[in-house]
Every structure is written in structure tokens, then in C-alpha cells.
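Step one of this worksheet: look at the structure below.
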Amino acid sequence: MSYSVVEYYGENSKYQCGYCKQSSSCSSYGMWAHKLSCQDYQELIDRGWRRSGCYCYKPMMDVTCCPSYTIKCDAINFRLNKSHKKIIKRMNKFLRDGLKETSEQDAQSNIDEIATHDGSACDQEHTEVPSMQPRVLDPDLLNTLTHVNSEKRSPSADDKTSALPIPTLSGVVNTSTHTSDSSISNQPKKAKLRRIERKREKLQKKGLSGADIEQLMQSNNRKSAEKSLEEFLSESPQDNDSPAHRLKVKQVNANDGATAATFKLYSLYQQSIHNDPASKLSMDRFKRFLVKSPLKPFQGFGTFHQQYWLDDRLIAVGVIDVLPNCVSSVYFFYDPEYKFLSLGTYGSLRELAYTRSLYKEYPSISNYYMGFYIHSCPKMRYKSNLQPSYLLCPEAYTWHLLDRTVVAKLDASKYSRLNDDPTAQDTNKATEQDVKDVLLIFGRSCMTYTQYLTVVGKELPILFEYARLVGKSCAKKMMLYRV
């Protein structure tokens, strides 16, 4: 049974903002996740939490300088826009010919694209991890408490997800740009051709001429003729076309991602794109941020690195969390030498396609989470280009389409409730009884808060804040570590 152990820190306030760079304008709540089930983390990000390594934080939306709204894209109904198509075609052309833009007009178009798409779904996201160190927990104690906790907690959605008798999700990711993307699109193509033939036969039986049939079918099929994301991606050159370059995407567990090649690429990206000094970059820091994860791999869920190999050269890495209801983009970094390919946006499109491929086998995985949307930060507004996208209401925790109405609200005020219904409440709000059921690790035992009060006789007021922020479901499932 999967379980979670967290250490709640409370408020972390007055630190430098990673977006507007004000020195002491950011505030958030934080906790350290020693272990975190994928289902619990899914529930946390649906309440505005996000992780940076093993540190989880929730911005204080009505206080912080740059309110951060959780954003997700409906991957199944995603539609490419003109810019997306241009980026995919540019990549395919580069793979086929090995050439950059050949005309001044194309070059200027590329510069404009980079200006509006310079980043991935989660680029520019930074949060300050408190200087305090998490407590070291005895592994034997955790194993014992896991057994005790499994007896205390009732069956949850997490248990149902973990127990699915399914093959691993890792088998769905394509190891080549060509093979898997082609297979995704070939089946719809064949079905489409059969439908066209049947329709043509019916029209012939009605006595229509060949010219009339073609004109009618062209008119009726204009909308359906729009190519899908997978069809655009599958147009990359095949091996038998003798392309100038071959692009392969290899997925590995996050723990296997701490290689010299990935760290070199990460360091190059941070220095070139984010102007980080080399003195602040180390393999240990890289591991804490993008390799170590509190999510424990189970049945293909967990944290992964998707490595983009151009021939034999690593040019980009996408770090993702595969969760019960989504693929969540953690970070994306790339070789600045290939910035002309708009790799940040190209990576987001590939991750969207990956989400859609998982959906075919696991219908609950239907969304692509892009981290936070900061309307007051112009560099982050490109996330709204992935449509349809939704923002999380910071009070009712309901999802709202990122359309003109929502944009108007955020233009008027950086912080907005988003939900117009004043009676709408948080359906996962913890009650006083729920707080009494919070699980605590105290000494070498796991007990409810009610049992803790009986044993220790000392109240813990911070538990009410903790339960309110994580929601009653997680509050009653996750084990909270106390001295």
C-alpha cells in the first residue's frame, strides 16, 4: 500500500520573488515530503500545492506579489494554433534537411516565435526552500508505521489506483520520434479512409456525378480535415528517408537521470537562460531539484526524465510526474545552441502528445498540468496559448476556463477568486472532527490527533492550518511527523 509522510513547516514569508525579483515580497506555506503517494500529490496540486524536489509549497495567493494560479490543459480536446504548427514544421524540416531558416523572413519569424514561446510549460519557476533541514527518519520505523497506518486508514482512491492490474505506463512512451507517434496516428487514419469510402459509395448510389461527390465531400470535410497533434509530429522524416538528423526521446526513471551529460546540459541552460552563476550550480543541487522525488514509482506512476537525443547528442530533458489524473510538467531544460527550434514549446507539445497517448490506455489521465500561471508576469502568459486551459480558483478549488472573462478579472486584479458563485465552498474543507483524525508520527508510534491529546495532553493549533491547506482527504491519510 502506498503512503505519505510529511513534515509541515508552516508559513515561509518575505523572501525574494522568482518572477518580479522583489527582495521580500513572496509568501507561501511549506512542508517537506519524506514520501508522497502519487494519489496524495494529485490531490495536493488540485489544491494549489507544487513541489520543488521534495519540498512542497503553496503560495499565499492574497498576500504574495505575483499570485500563482495552478493551470492545466485539457489534453484530449487540445487544438494546435498556427504558432504550434510552425514550431513542429520547423523541427521536422531541420531533422530532414539539417538547415536553419534560409530566408531573412523565416529568420525574423523564428525570432518572433522565440520571444513569445521562450520556455517550457514550467520554465521560470523558482521558489526558495527554507534553510531548515528535514528530520532524518528511521527506515525501520517507517516500515513499521506503514503497517500500522494501513490498519488505521480506510480504503481510498489511492489504494484503488495503486492496485490496478495494469502494465507499466513507461511502455507507452515512444523511444523514437517516428515509431510511436506514427502508430498513434495510423489507426485514426485507416478508420477515416474507411468512412470516406463508405460515404462515397452512398453518394454514388444516389446518382451523383463524380465531380459533385468530390465537391460535396470537400465541403463537408473541411473541419474534419484539420490534422491532429500526433499527425503533425508523425511527419518527421523516417529512417529510410535518410534524414540529416534523427531525434529520439528516451524515458528513464528520475533516479537514473543524474548523469554527467544531463548535469552539463542543466548547467549550460541555467547559465545561459537564467543567468545563474556557475558557482551556484552543483550536481547535489541538480539532484535536489530535479532528480530526488518524494513520489515512489508504482505501476508506471512517478517521476521521469524524458531525454531528447539528436543523433548522439543530448539536447533537452523534460522532467515530468505521471499521476492518476494527469501528466504534470516539473521542468524542462535544453541546449541553448538549439534555441532556434523553440525547444521549450516543442517539449510541451510532445508532453501533451504523451498525455494523450496515456489516455488511450488510462482514461483518467486526461490533463496536462503546467505548474503555475502568473498573469502579472508577461513571460508566463505563453501558457495560455495551450487551449483549452483552466485555472484553479484559490478559494473554492474549482476549475475555470482561461478565457476572456477570466483574463478580464486578472487584468482588473492580480488576485481573483475566479468562481463567481459566492455560495461555492471548498468541498474538501476539513472540519473540526477531521482535524481530530489527522495522523501523527510521535515518538515511534502512529496515532490520531485525538490519541495524541490523550497521551500528551498538549494541543497543536497548527494542525487546523495544516488540515485546511491540504484538505480533509490528505489530512486523514498522510502521516504528519512530529518530534
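The values are calculated or read from the model by the stated rules, or taken from the named source; none is laboratory data. Values in this document were obtained by computation on a predicted structure and should not be read as measured data. As a convention, Cβ positions derive from the backbone with ideal geometry for all residues, glycine included, and neighbour counts pool all protein chains shown. Accessible surface areas use protein heavy atoms only, side chains included; no ligands, DNA or RNA. Shrake-Rupley method; radii C 1.70, N 1.55, O 1.52, S 1.80 Å.
Structure values in brief
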{"read-out": "In nm, spacing of pseudo-spin labels at L281 and R381 (7 Å Cα→C-beta vector)", "value": "3.0"}
{"read-out": "Spin-label model distance (nm) - T454 vs Q16, 7 Å beyond Cα toward Cβ", "value": "5.1"}
{"read-out": "Prolate/oblate/rounded label for the stretch 398-476 (Cα gyration tensor, a/c 1.5)", "value": "prolate"}
{"read-out": "Accessible surface of W399 - all protein chains present, 1.4 Å probe, nearest 10 Å²", "value": "70"}
{"read-out": "Per residue accessible area of the stretch 233-347, 1.4 Å probe, in Å²", "value": "39"}
{"read-out": "Summed residue charge, Cβ within 11 Å of T64's Cβ, Lys/Arg positive, Asp/Glu negative", "value": "+2"}
{"read-out": "J(HN,Hα) series, the stretch 304-314, from Karplus relation 6.51 cos²θ - 1.76 cosθ + 1.60, nearest Hz, glycine and proline x", "value": "9, 10, 9, 9, 9, 9, 9, 6, 10, 10, 7"}
{"read-out": "Within straight-line cross-link reach of K14, lysines at Cα separation under 25 Å, skipping those fewer than 8 residues along the same chain", "value": "K58, K280, K379, K414"}
{"read-out": "Two-decimal Rg/Rh across the stretch 308-440, once Rg and the Kirkwood Rh are taken from alpha-carbon atoms", "value": "1.05"}
{"read-out": "Rg/Rg_globular for the stretch 37-100, with Rg_globular taken as 2.2 N^0.38 Å and Rg from C-alpha atoms", "value": "1.73"}
{"read-out": "Cα coordinate range in the stretch 288-335, projected on the principal axes (Å, largest first)", "value": "32, 21, 15"}
